[in-house]
Structure formats: C-alpha cells, structure tokens
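In what follows, a single structure is set out as structure tokens and then discussed.
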Amino acid sequence: MSKVISGFSKRSKQEKINWLAENYFEKNAHIVQILQQYWNSDEKLQQLHDDFIENTLSNFYMPFGVAPNFLINNETYAIPMVIEESSVVAAAALVAKYWSTRGGFKTTVLGTTKIGQVHFMFEGDKEDLSNYFTKNKAKLIAATASITANMEKRGGGILDLQLVDKTDKLANYYQLHVTFETKDSMGANFINSCLEAIANAFRNDQIEIVMSILSNFVPGCLVRAEVSCPIADLGGENPQKFAEKFHQAVQIAQIEPYRAVTHNKGIMNGVDAVVLATGNDFRAVEAGAHAYASKDGSYKSLSHCTITNGIFKFWLDIPLALGTVGGLTSLHPMAKLSLEMLQKPSANRLMEILAAAGLAQNFAALRALTTKGIQHGHMKMHLQNILNQLGANAQEKEKITTYFDGKTVTHAAVVSKFEEIK
C-alpha cells in the first residue's frame with residue numbers, strides 16, 4: 001500500500017497523528033499517548049508552538065538549565081543553557097566559578113557586519129558589466145529604501161555593495177556582494193528582502209539571476225573571549241605542568257583536523273546551548289563557526305593558548321550572527337525568559353556571553369583531557385541516565401550512586417551492579 005499522501009498539511013493535528021499511527025507504527029496506541037503527553041495544557045501556548053512550524057504534532061522537550069557565576073567584563077551572569085548532554089552545564093558552571101576568582105572572562109566584539117549575495121550569470125564583455133554596475137549602483141541601493149528605512153533609524157542598513165568576478169572558478173559567474181549592519185536583529189529576512197530588491201533592479205536581458213541569499217559565513221561578525229592569569233594561580237599539584245600540557249593540547253588541535261573537529265565540537269556544546277535557550281539559529285551559528293575554522297585552508301581549533309613570561313592565556317575568536325529582537329526571540333516564552341535572565345542584552349553583548357560560554361566549555365574539556373581524562377566526569381554525570389534506562393527505583397539509584405562514588409563509571413559496571421542488587 002502506498003504511503004504517499006496529498007494535502008497532509010491541511011489535516012487536523014489529530015488526523016495527522018492517526019495517519020502516522022496507521023501507516024508507520026505497528027501498535028498505534030502508544031504514538032497518540034506519547035505525543036499527547038507533551039502537549040501544553042495551556043491551549044493558547046500550545047497553539048503558539050504549533051504555529052512555529054508546519055505539521056506540528058507535539059513538543060520535543062530539552063532540559064533548560066543554568067550555569068551561574070560567569071564573570072564577564074566585571075559583570076556577573078547566570079547563563080541559560082538548553083542541551084541534552086549530561087556534563088555540559090556542570091562543566092560550564094564549574095569553570096565559570098573557577099575563573100571568577102582569577103579575573104573572569106574578558107570579551108570584545110571585533111566586528112558586526114554580515115554578508116548577502118546576488119549570484120548571477122553574464123556571458124558578455126566584462127568591461128560592459130562593470131560599467132553597467134557602476135552606473136546603476138546608487139539605483140540598486142535606492143531600490144531597498146522602503147526595506148532599510150527602519151533599520152537605518154537604528155543605525156543599521158547597507159554598508160557596501162560590490163561587483164565580484166568569479167569567472168575563474170565558474171564560467172560566466174559573478175556576484176553582487178553586499179555588506180550589512182543589522183544591529184540587534186539577526187537580520188536574515190531583512191538581508192534576503194534587500195537582496196531580492198537589488199536583484200530585481202539589476203537584472204536585464206544579459207544578466208541571469210541565479211539566486212539572492214544571505215551568507216551564514218560571517219567572518220566580519222566576530223567576537224573574542226579570553227581568560228588569563230599567572231601560571232602559579234592555576235592551582236593544582238603542578239600548575240606549570242598543567243599549563244604546558246594544556247598548551248600542547250591546543251597546539252595539537254591547531255594542526256590535526258581529526259582532533260580539531262572534536263575540540264571545536266566542545267566549544268559548540270557551550271555556544272549552541274545558549275543559542276537554543278535564546279531562540280537563535282544554532283544551525284547558522286554552527287555552519288559559520290566551522291567555516292571560520294577552515295578559513296586558512298585547513299580545519300583548525302577556534303581557540304588559542306600561550307604561555308609567556310609566566311602568564312597563562314587562553315582565548316577564542318568565533319563568528320556569531322545573533323539577534324535579541326525579532327523571530328523566535330520575541331515569540332518563544334522561554335527565549336524571552338532567557339534574554340531577561342541575561343539582563344536583556346544587545347546582540348553585541350549576547351555575542352560576548354556566548355563566546356565566554358564556548359571558551360568555558362573548551363577549558364573544561366581540555367582540563368579534563370589533560371588530567372583525569374574526559375570519561376571520569378562525563379560518566380559520573382551519565383550515571384543517572386544509565387540508571388533511568390535500567391528502570392532503577394529511588395532506593396536502587398541511591399545504593400548504586402553511593403557505590404560508584406570515587407570509582408570509574410562504565411555502562412557495563414553499572415549494569416553489573418544493578419543486576420547484583422536485583
């Protein structure tokens with residue numbers, strides 16, 4: 001029987017669920033029960049969530065946690081984080097407290113510009129195209145006047161418009177490369193609307209517009225977060241040895257892509273968790289960050305470390321295109337709550353907060369890797385997840401948690417202890 005369906009989006013939520021249950025689940029009762037138990041009892045709030053995307057069936061919950069004690073530019077923050085990985089929030093909170101007594105995080109926004117492009121084909125004379133662009137450049141920008149008016153009032157708008165020849169890469173291929181400032185808005189819809197207006201004003205019989213779209217590669221929208229202190233203040237049994245091993249670990253991530261990918265994934269554990277909590281686009285942030293890590297021709301660490309004249313310094317440069325107004329940031333109640341928790345930051349301040357969260361997460365991972373090993377803390381946090389999977393009751397959880405205090409946690413060891421108690 002064919003499972004192809006027409007008009008699915010026009011069906012009611014219950015009709016969609018029933019169709020899925022009949023076609024994709026052998027025992028269809030459980031799908032209805034599972035989906036409905038995650039519906040919000042507040043019908044108005046549920047309708048708000050239903051309207052975020054098409055074909056909504058239910059809500060997929062993720063833990064919403066907080067990492068306190070982040071001292072950033074001498075101001076203390078409790079940072080909201082949405083993530084399912086067990087050790088991330090604990091690690092961020094631990095490192096935030098650690099650096100709060102060593103000067104905290106220093107952050108600087110290095111740039112805030114974003115890019116959009118009109119991609120087009122032109123087979124004629126290059127000089128003719130250049131003359132046509134020069135003659136019409138002012139007209140192209142003027143074509144966006146109705147779109148940019150409000151943005152310009154806030155200090156944003158179009159900063160530059162250039163014709164770029166890419167025919168050495170692809171025959172007859174050119175771009176209109178447009179630079180934007182979008183202030184506290186992430187600006188995707190604004191940029192794309194401007195680009196389409198420019199494309200319509202630019203096209204003629206010889207110019208074939210292929211597409212007009214913003215870029216999520218935003219090397220001009222860059223933020224730096226750093227921590228530093230005398231090596232002696234790092235603490236531990238041998239702070240000099242720790243600093244040296246830490247430095248070596250960062251150097252390895254600079255030259256070994258296999259390590260760099262996992263290294264940067266750890267950074268994004270912290271960044272993405274705050275991106276999600278504030279209703280921003282984590283896919284765009286991820287894509288832009290990894291592209292930036294490859295900007296020199298090979299994939300490298302986003303973070304850096306130096307040991308100079310007895311001073312340990314660890315810092316991160318990362319491109320972050322974020323918004324604190326518009327989109328989900330203004331619609332999702334939890335996103336609004338997160339921004340309120342962060343003292344209603346500007347987009348620039350949010351960039352700084354996210355960079356600090358990413359650096360904290362990276363520091364936590366590297367400290368674990370170069371000392372006790374990454375699994376020591378991770379599996380300790382993961383213990384409760386394993387016990388929940390096994391269906392352990394409260395008494396069994398207490399016994400097993402006590403047993404593993406100070407011991408290495410592995411899945412097999414937990415299962416063995418659970419069966420022994422049973």
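None of the figures in this text is laboratory data; all of them are computed from the coordinates on show. The shown structure was predicted, so the numbers you read here are calculated from the model rather than taken from an experiment. No Cβ is skipped: glycine too gets one built from the backbone with ideal geometry, and neighbour counts run over all protein chains shown.
Within the chain, helices built from complete DSSP H runs that reach 20 Å or longer along their own axis (Cα positions) and carry a mean Kyte-Doolittle hydropathy of -1.0 or higher are 126-142, 188-202, 239-255, 257-277, 347-369, 374-390. A cut-off under 11 angstrom between Cβ atoms defines the neighbours of residue 390, and their net charge, with Lys, Arg +1 and Asp, Glu -1, is +1.
In the chain, one over the average inverse separation of all distinct C-alpha pairs is 24.9 Å, which is the Kirkwood hydrodynamic radius. Among the listed pairs 295/372; 13/44; 44/114; 183/313; 265/417; 97/313, those with a Cα-Cα distance over 24 Å are 295/372; 44/114; 183/313; 265/417.
Could you compute the net charge surrounding residue 263? Neighbours are other residues with a C-beta less than 12 Å from the C-beta of residue 263; K and R count +1, D and E count -1.
Numbers: positive: 259, 265, 300; negative: 256.
Taking every Cβ under 12 Å from that of residue 263, the sum is +2.
Magnitude of the charge dipole for the range 114-214, about its Cα centre and with charges confined to Cβ atoms of Lys, Arg (+1) and Asp, Glu (-1), is about 400 debye. Taking square-rooted eigenvalues a ≥ b ≥ c of the alpha carbon gyration tensor, is the range 1-117 rounded, prolate or oblate, where a/c under 1.5 means rounded and, failing that, a/b exceeding b/c means prolate? Cα axes put the range 1-117 in the prolate bin.
Show me the three semi-axes of the equivalent ellipsoid for the range 187-236, from the C-alpha gyration tensor (sqrt of 5 times each eigenvalue), largest first, rounded to whole Å.
The answer is 48, 10, 7 Å, longest axis first.
For the range 114-214, the fraction of C-alpha pairs more than 18 angstrom apart is 43%.
For the range 8-50, the square roots a ≥ b ≥ c of the C-alpha gyration tensor eigenvalues yield an a/c of 1.5 or more together with a/b not exceeding b/c, which makes the shape oblate. For the chain, the residue among 287, 61, 412 whose Cα projects farthest onto the positive side of the dipole built from Cβ charges is 412.
The length gained on full extension between residue 241 and residue 167, counted as 0.36 nm times the residue separation minus their Cα-Cα distance, comes to 21.4 nm. Of 46, 92, 117, whose Cα points farthest to the positive end of the dipole of the range 21-153 (charges on the beta-carbon: +1 Lys, Arg; -1 Asp, Glu; origin at the Cα centre)? So the residue we want is 92. Residues of the range 173-206 with an amide N closer than 14 Å to a point placed 7 Å from the Cα of residue 126 along the Cα-to-Cβ direction: 173-175. Charge tally for residue 140 (other residues, Cβ to Cβ under 15 Å; Lys, Arg +1; Asp, Glu -1): +2. Helix content alone sets the calculated 222 nm mean residue ellipticity of the chain: runs of n ≥ 4 DSSP H residues at -39500 (n - 2.57) each, divided across all residues, give -15500 deg cm²/dmol. Classified by the C-alpha gyration tensor, the range 280-422 has an oblate form. Its axis ratio a/c, with a ≥ b ≥ c, is 1.5 or above, and a/b does not exceed b/c. The relative contact order of the range 50-109, computed from alpha carbon pairs under 8 Å that lie at least 6 residues apart in sequence, is 34 percent.
Over the chain, what is the relative contact order in percent, taking alpha-carbon pairs closer than 8 angstrom and at least six residues apart?
17 percent
Each of 218, 402, 354 was scored by the projection of its Cα onto the charge dipole of the chain, and the greatest displacement toward the positive side belongs to 402; charges sit on the C-beta of Lys, Arg, Asp and Glu. Shown is the FRET efficiency for residue 41 and residue 84, computed with R0 = 25 Å from the Cβ-Cβ distance and rounded to the nearest 0.05: 0.60. Taking θ as phi - 60° and the Karplus parameters 6.51, -1.76 and 1.60, the scalar couplings of the range 70-75 work out to 7, 8, 10, 6, 6, 10 Hz in sequence order, x denoting glycine and proline.
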